[in-house]
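Just so you know, all these numbers are worked out from the coordinates, no wet-lab data involved. Keep in mind that what you see is a predicted model, and the values were worked out from it rather than measured. Cβ coordinates were reconstructed from backbone atoms using ideal geometry, including for glycine residues, and neighbour counts include every protein chain displayed.
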Amino acid sequence: MEGFFMAIWKCTQCNATSEGRCRPKVCPSCGASKEQIAKAE
Ligand SMILES: [Zn+2]
């Protein structure tokens, strides 16, 4: 089950969230760099 772990990633610029195992390289909504994307649980 651990292999299917999904995290929620939240953009601190536009508050968009995305779900995935890895931090997105860029925000899918506003294009902010990964430094602007925080893990949200
Ligand atoms: Zn964003």
Quick one: Kirkwood hydrodynamic radius for the chain, alpha-carbon pairs, angstrom, one decimal?
-> 10.1 Å
Placing each pseudo-label 7 Å from Cα in the direction of the beta carbon, Cys30 and Gln13 end up separated by a distance in nanometres of 0.7 nm
Please compute the net charge surrounding Cys27, taking Lys and Arg as +1 and Asp and Glu as -1 over other residues with Cβ under 14 Å from its Cβ.
-> +3
